[in-house]
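Below you'll find the structure, written out as structure tokens, and then a few comments.
The values are calculated or read from the model by the stated rules, or taken from the named source; none is laboratory data. Just so you know, these numbers come straight off a predicted model, no measurement behind them. Here Cβ is always computed from backbone atoms with ideal geometry, including for glycine, and neighbour counts include all displayed protein chains. These area figures cover heavy atoms from the full protein model, side chains too; ligands, DNA and RNA do not enter into them. Shrake-Rupley method; radii C 1.70, N 1.55, O 1.52, S 1.80 Å.
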Amino acid sequence: MIETDDRVLFSTFYPQLAEAGLAEEIANRGTIMTVAEGEVILRKDAYVKVVPLVLNGLLKVLQEGEMHDTLMYYLEPGDSCIMSITACFNNEKSKVKAVVEDEARIIALPADLVIEWYTDFPAWNEFVTRLYRKRFLDLLDGFNSVVFDGIDTRLRNYLTQRARATGSNTLHATHKQIADDLGTAREVVSRLLKAMEVDGEVELKRGHLIWKG
């Protein structure tokens, strides 16, 4: 059962799910969870048990690799994980990992409801369709960035996206973590950040940086 404060957040970030009946289904059958920074809420090669609706905080969806994990996209308030939903539809194991970047509060929806609601509620159908489109465009942008942009441009885009997603220009992450998200070497990120600091674009601190771009 979702309490009043969380219902307010839900109404704010998910107005498209306010269809009669659907909002009550979510309120009655969803489970509120507060998940700590660094917690893995979805593991690769595991069956999806719940699908998150993010009320606050930030999650990131990663593609695991032999050397490091690569950032695919963030989940912000108002988002859900289309890769999880797709796995539910196809009764497949997850192909990605989802990790909490900043402590998050989510509504955890049982996986079986994702399929049930798709046929029962047009608003859920439309929400899922919009998620597909949004993530397709995100991945297309990411592909174009890797192919056509230099790593310096990708780093600036990453910092801008991270600041927008969290509402803060302070990024608590090591150079290694940033490099892993971008799929490059730590030494490359460190060199670029030092050059950007000279240009006044960032302020480097121990364990965090301040993005001024």
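General remarks:
- Between helix 186-198 and the chain: long-axis angle, C-alpha atoms, 0 to 90°, nearest 10: 70 degrees
- With Cα atoms, 0 to 90° folded angle of helix 122-148 axis to the chain main axis: 20 degrees
- Pairs from the table (LYS97/LYS194; LYS93/LYS212; LYS44/LYS205; LYS97/LYS176) lying more than 29 angstrom apart at Cα are LYS97/LYS194; LYS93/LYS212; LYS44/LYS205.
- Using C-alpha pairs under 8 Å with a sequence gap of at least 6, the mean separation divided by the residue count of the chain gives a relative contact order of 21 percent.
- Dipole magnitude of the stretch 82-128, debye to nearest 20 (Cβ charges: Lys/Arg +1, Asp/Glu -1, about Cα centre): 220 debye
- In the chain, taking the dipole from charged Cβ atoms about the Cα centre, the farthest positive-side position among GLY57, ILE106, VAL202 is held by VAL202.
- Choice from ALA23, ALA165, ALA195 showing the highest fluctuation, given a GNM over the chain with Cα pairs closer than 10 Å: ALA195
- Mean accessible surface per residue for the chain, computed with a 1.4 Å probe while every protein chain stays in place, in Å²: 52 Å²
- Projecting the Cα positions of LEU9, ILE41, GLY30 onto the charge dipole of the chain (unit charges on Cβ atoms of Lys, Arg, Asp and Glu, taken about the Cα centre) puts ILE41 furthest along the positive direction.
- Accessible-area composition of the chain, carbon plus sulfur, in percent [1.4 Å probe]: 52 percent
- CD proxy at 222 nm, helix term only [per DSSP H run n ≥ 4: -39500 (n - 2.57); per residue of the chain; nearest 500]: -15000 deg cm²/dmol
- Accessible-area ranking of GLU19, GLU76, GLU24, GLU66, largest first, probe 1.4 Å: GLU66, GLU24, GLU19, GLU76
- ASN56 long-range amide H proximity, modeled H, under 5 Å: ARG105
- Label positions at LYS93 and LEU204, each projected 7 Å from the Cα along the C-beta direction, are separated by 4.0 nm.
- Residue order for LEU204, LEU62 - accessible surface, 1.4 angstrom probe, largest first: LEU204, LEU62
- Candidates PRO77, PRO110, PRO15: whichever shows maximal mean-square fluctuation once the chain is modelled as a Gaussian network with Cα springs under 10 Å: PRO15
- Of VAL188, VAL35, VAL114, the one that fluctuates the most in a GNM where the chain has Cα springs shorter than 10 Å: VAL188
- GLU197/LYS44 FRET efficiency (R0 30 Å; Cβ-Cβ; nearest 0.05): 0.25
- Annotation: extensible slack from ASP5 through ILE32 equals 8.6 nm (criterion: 0.36 nm per residue apart, minus Cα-Cα distance).
- Couplings for the stretch 161-168, taken from phi via the Karplus curve 6.51 cos²θ - 1.76 cosθ + 1.60 with θ = phi - 60°, read 5, 5, 5, 5, 5, 9, x, 9 Hz in order; Gly and Pro are left as x.
- Relative to the dominant Cα principal axis of the chain, helix 111-120 is inclined by about 60°.
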